[in-house]
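Q: Structure in structure tokens, see below.
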Amino acid sequence: MKDLDWQNLGFGYIKTDYRYIAYWKNGSWSAGELTRDNILHISEGSTALHYGQQCFEGLKAYRTKEGSINLFRPDENAKRMQSSCRRLLMPEVPLEMFVDACKQVVKANEEWVGPYGSGATLYLRPMIIGVGDNIGVSPAPEYIFSVFCCPVGAYFKGGMKPTNFLVSDYDRAAPQGTGAAKVGGNYAASLYPGKKAKSLGFGDCIYLDPATHTKIEEVGSANFFGITKDNKFVTPLSPSILPSITKYSLLYLAKERLGMEAIEGDVYIADLDQFKEAGACGTAAVITPIGAIQNGEDYHVFYSETEVGPVTKQLYDELVGIQFGDRPAPEGWIVKVE
Ligand SMILES: *Cc1c(COP(=O)(O)O)cnc(C)c1O
């Protein structure tokens, strides 16, 4: 294993040894290969640079107690990337090719997967970008599919701590827009509102539904969930939310392992009183308890601003236990890297 301060890693770029790269030219993907070169040399006319024709994914590799390495539901990332590609008129990467690329990258960078118990993981960043000579607004003539990785630290150092969020006046996506696709454009639009929220001391902003501004959609770059006072797991349903794999995993675990009713539906910002606990979920955020939400003059505290609620903690233990191989996984959720 590499000599890193595994307990204290953050979430930042660290150059690892190998990345995977494949090229789409003349209607087909090249055989992908691993390379040590982390610099892309692309045309100045690439559509990814001008018109945002690109999409990405994010997933992690986890070191188990036995020393083996787990991927968590990589086929779901493959399918979501295909759907992002369809929305942006980019060629889809076949599911097997995607999962194989992820496995190859983890295997080649095995020494960058942190030790079991440190909380560190290897974050994988698959992406597809439109490249090749172009200037008009049209899909690119060529594409690059790449997967690189960086070791990242435990999201929480020294236990789970709630974060506070600010309801934004801005929208991250439009009705019928690209909110459900994992594309860079959504993120470019979120940098300014995110910076404003952070400068006021919040973790990030909460985006409401773009049509009526009455319902919660996203918590920064994570999905929202709440636990109602009668113990139901509730998460928003909308075509402009990014369908989080963590969120769908929690819907399943809340129902099947915690015996809760699990619901996708409208979550009105004016109706936060129904919740005893709330959280944000995603690959990077894992499960982040939400301490409080500021909405204009209204400041709503959930379980506590300093302590994690018991249901949120149970969901966290179940999810993370499965990812690190300590708890039994539902069929197909864990893919071993061998
Ligand atoms: C990636 C992402 C998420 C989380 O999705 P996971 O599959 O759980 O990692 C949530 N919201 C946005 C906007 C995202 O881009």
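Q: Picking from Y123, S146, V113, whose Cα lies most toward the positive end of the charge dipole for the chain (charges on Cβ: Lys, Arg +1; Asp, Glu -1)?
A: V113
Q: Work out Dmax and Rg for region 6-152 from the C-alpha atoms and quote the Rg first, both in angstrom.
A: Spelled out, the Cα radius of gyration and Dmax of region 6-152 are 15.9, 53 Å.
Q: If you don't mind, another one. Given the options G67, P289, G226, identify the residue whose Cα lies farthest towards the positive end of the charge dipole of the chain (+1 on Cβ of Lys, Arg; -1 on Cβ of Asp, Glu).
A: The residue sitting most towards the positive pole is G67.
Q: Can you find, among T47, N164, V335, the residue sitting farthest towards the positive end of the charge dipole of the chain, where Lys and Arg contribute +1 and Asp and Glu -1 at Cβ?
A: Toward the positive end, the furthest listed residue is V335.
Q: For region 163-323, go through all pairs of different Cα atoms, get the mean of 1/r, take its inverse, and jot down that Kirkwood value in Å.
A: Kirkwood radius, region 163-323: 15.6 Å.
Q: Checking the cross-link filter: which aspartates and glutamates have an alpha carbon closer than 15 Å to that of K79, excluding same-chain neighbours under 8 positions apart?
A: In chain and number order, the partners are E57, E92, E96, D100.
Q: Check the straight Cα-Cα distances from K198 and name the lysines below 30 Å, setting aside those fewer than 8 residues away within the same chain.
A: K15, K60, K157, K161, K182, K215, K229, K247, K276, K313
Q: Only Lys, Arg, Asp and Glu count, each charged at its Cβ (+1, +1, -1, -1), so figure out the dipole size of the chain about its Cα centre, rounded to 20 debye.
A: Numbers: 33 positive and 40 negative charges, 87 e Å.
Dipole of the chain, to the nearest 20 debye: 420 debye.
Q: Counting pairs of alpha carbon atoms under 8 Å apart in space and at least six apart in sequence, what relative contact order in percent does the chain give?
A: On the way: 736 pairs, mean separation 66.0, N = 338.
Result for the chain is 20 percent.
Q: Could you please rank M260, M81, placing first whichever residue has the fewest other Cβ atoms within 10 Å of its Cβ? Let's see the in-between values first.
A: Details: M260 21, M81 24.
Ordered from fewest to most neighbouring Cβ atoms within 10 Å, M260, M81 come out as M260, M81.
Q: What percent does the relative contact order of region 125-281 come to when contacts are Cα pairs within less than 8 Å and at least six residues apart? Mind dumping the intermediate values first?
A: Details: 252 pairs, mean separation 29.0, N = 157.
RCO, region 125-281: 18 percent.
Q: When the helix-only estimate is applied to the chain (DSSP H runs of n ≥ 4, each -39,500 (n - 2.57), divided by the residue count), what is the mean residue ellipticity at 222 nm, nearest 500 deg cm²/dmol? Show your work: numbers first, answer last.
A: Details: 6 runs with 74 residues, N = 338.
The per-residue figure over the chain is -7000 deg cm²/dmol.
Coordinate-derived values only; no laboratory data. Everything numeric in this text was worked out from a predicted model, so none of it was measured. Using ideal geometry, Cβ is built from the backbone for each residue, glycine included, and neighbour counts are taken over all protein chains shown.
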